[in-house]
Structure formats: C-alpha cells, structure tokens
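Here's the structure we're looking at; comments come further down.
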Amino acid sequence: MSTDSLLYEGKAKQLFPTDDLQVLRVVYKDSATAFNGEKKAELEGKGVLNNQISKLFFDYLTKHGVEHHFIEMISDYEQLVKRVSIIPLEVVVRNIAAGSLVKRVGLAEGTQLSRPIVEFYYKNDGLGDPLMNQDHIAMLELATSDQVGHMRQIALQVNDILQLYLEQKGLVLVDFKLEFGVDPSGTLLLADEISPDTCRFWDNVTGKKLDKDRFRQDLGNVLEAYQEIYQRLGGASHA
Ligand code: TMP
Ligand code: ASP
C-alpha cells in the first residue's frame, strides 16, 4: 500500500501507513469541531500546536513509566505512532465539575470533586458518544473487564502525574479524555492525543479557560490559549 493512502480520517487527525507495518503517521489537522461535529471551524495553526503539545505530554509520561503509542514528531504537524487497534471507548477523568458532568448531575461548574472520577463513553458518532457503564461495555464486547480495569488504573495514574506537572505550570487539570489501543502482542497502550482539544486546563489564579471550551463556548482567542499552554509546558514562542 502506498504510504500516501489515507487509512483513517477523524475530526482532528488523519492516519497514514508507513513502510513499517507496525508504525503509522499521524497528521494533526487545523479543523476544530464540537458538539459531535455540529460546530466546525478551521483554526490555522491548531494542528501544529496540538502535535507539539501531545509530544510534550507523551514524553513526560514516558519519564514516569506510562507506556503509550507515541514514537516521535517528524514535522510541525506530523508524528509517528505505534499501530494499535483502538478500543472504541473514550476514557474521561474528572477532578472538577465542568462540561457534560455539570449538565448530567447538576453540580455547579468549578465544584471540586472529593476524588477523581472515571467515565467511559462509547466512541460512536451515530449515537452521540453515549456514557457507558461496565455492563454496557461487556454487553457490546467493547473491551474485556480486565482491559476496563487496566484503562481505569492507567487513566488515574496519568491524572496523578499530569495534575502535579500542570500545577507547577500554574494550571489546573479540570478533566481530560484518553483513548487506548491494543498492540499486536495484546498489550494495552495509551493512544490518540493529549492536547487542549482533549483536556480542560484552567489558569490556577484567574480561572481562565485555556482549552477547547474557548471554541465550544465562543470565548474567543482559541489559538492564543493553545499557544499559552504550549509555552507554559516549555515550548518555544512563535510570537
Ligand atoms: P465533557 O465534559 O464534554 O464530557 O468532556 C470531558 C473531557 O473530555 C473534556 O476534557 C473534553 C474531552 N472530550 C474529548 O476529548 N472529546 C469529546 O468528544 C468530548 C465530548 C470530550
Ligand atoms: N470532539 C467532539 C466533536 O467534534 C466533541 C467535543 O470535543 O466537544 O464533536
């Protein structure tokens, strides 16, 4: 297969094969979507920032012993990753009430949760990515109960690591979404991306939102917020 032939296109990324069967090339797009694709825009430079930010997070997780699919960045908007078979679940960890949790349970935005909570959503655009419990996951055979337990454990570990790291950068990790895949040997690996598209970050002094909520809620200065995250994580300034 030609290495230029698109294997998969999602809302924010494209996947291409490489000469190595076990390695894929990810292209981060500038497209931004929200509300299951209902709201759309092209934000020039978002792809580059998310590629760079994801790289920094994955490298940080490597240092803390978390295994993942990221191999290396090969250009401003491209990275190489290990080929995995994606488990069709979005694993969300929350520390503070925001977004859909506020709508579902009626807590005020900003309420500190007494402990982090983990939620699973079925990656299915046709159904609008519904919340799933462990019985639903087993019923649909989306993952084994071992995999569910393991994803939960890794997600909480990533939360502990990133919460501390971000605190040092003056940021609150409100919540985030992870995806996992299984490699050919059956090992569960953290996959997808970790970026302001998939996390909520608030400035810990002003409470300013520095993530995709700026786009979802029409708060303006979306790219400036992503740039701010990149710089706080040690990335170079593009100013
Ligand atoms: P939620 O509050 O809308 O359920 O989002 C929880 C977290 O998951 C938030 O950090 C944003 C992230 N997220 C995604 O990465 N992709 C999605 O499709 C959705 C709905 C949320
Ligand atoms: N990524 C999702 C979409 O495009 C939702 C979101 O992040 O709010 O609809």
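The values are calculated or read from the model by the stated rules, or taken from the named source; none is laboratory data. Because the structure is a prediction, the values reported are computed rather than measured. Every residue, glycine among them, receives a Cβ derived from its backbone with ideal geometry; neighbour counts consider all protein chains shown. Accessible surface areas use protein heavy atoms only, side chains included; no ligands, DNA or RNA. Shrake-Rupley method; radii C 1.70, N 1.55, O 1.52, S 1.80 Å.
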For segment 171-194 and segment 53-80, what is the separation of their Cα centres, given in Å?
11
Loop-resident GluC sites (Glu not before Pro) in segment 65-171 with no more than 14 other Cβ atoms inside 10 Å, DSSP not H/G/I/E/B, are Glu67, Glu109, Glu141
Take the solvent-accessible surface of the protein heavy atoms, probe 1.4 Å, and return the percent of it on the chain that carbon and sulfur atoms account for.
50
Residue-normalised accessible area of the chain, expressed per residue, 1.4 Å probe, Å²:
49
Put a dot 7 Å past each Cα toward the Cβ at Val102 and Tyr8; how far apart are the dots in nm?
3.1
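Can you order the peptides 168-174, 203-209, 193-199, 7-13 by their average number of other Cβ atoms within 10 Å per residue, highest first? The partial results should precede the final answer.
Working: 168-174: 17.3, 203-209: 12.9, 193-199: 24.3, 7-13: 15.1.
Taking the mean over residues of other Cβ atoms within 10 Å, the ranking is 193-199, 168-174, 7-13, 203-209.
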Counting only residues 5 or more places away or on other chains, whose amide H sits under 5 Å from the amide H of Arg83 once H atoms are built in the peptide plane?
Val23, Leu24
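Which whole-number value in Å³ per residue fits the convex hull of the alpha carbons of segment 1-49? All intermediate terms of the calculation are to be shown ahead of the outcome.
On the way: hull volume 4.3 nm³, N = 49.
Dividing the Cα hull volume of segment 1-49 by its residue count gives 87 Å³.
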Cα-only Rg/Rh for the chain with Kirkwood Rh rounds to 0.94
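In nm², what is the average projected area of the convex hull enclosing the Cα atoms of segment 100-182?
6.7
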Segment 10-34 and segment 94-165: distance between their alpha carbon centers, rounded to Å:
24
What base-10 log of the normalised intensity I(q)/I(0) is obtained for segment 122-239 from the Debye formula, alpha carbons as equal point scatterers, at q = 0.16, 0.20 Å⁻¹?
-0.90, -1.15
Segment 36-114: spread of alpha-carbon positions along the three principal axes, whole Å, largest first, is 44, 35, 24
For segment 147-214, take N as its residue count and report Rg(C-alpha) divided by 2.2 N^0.38 Å.
1.25
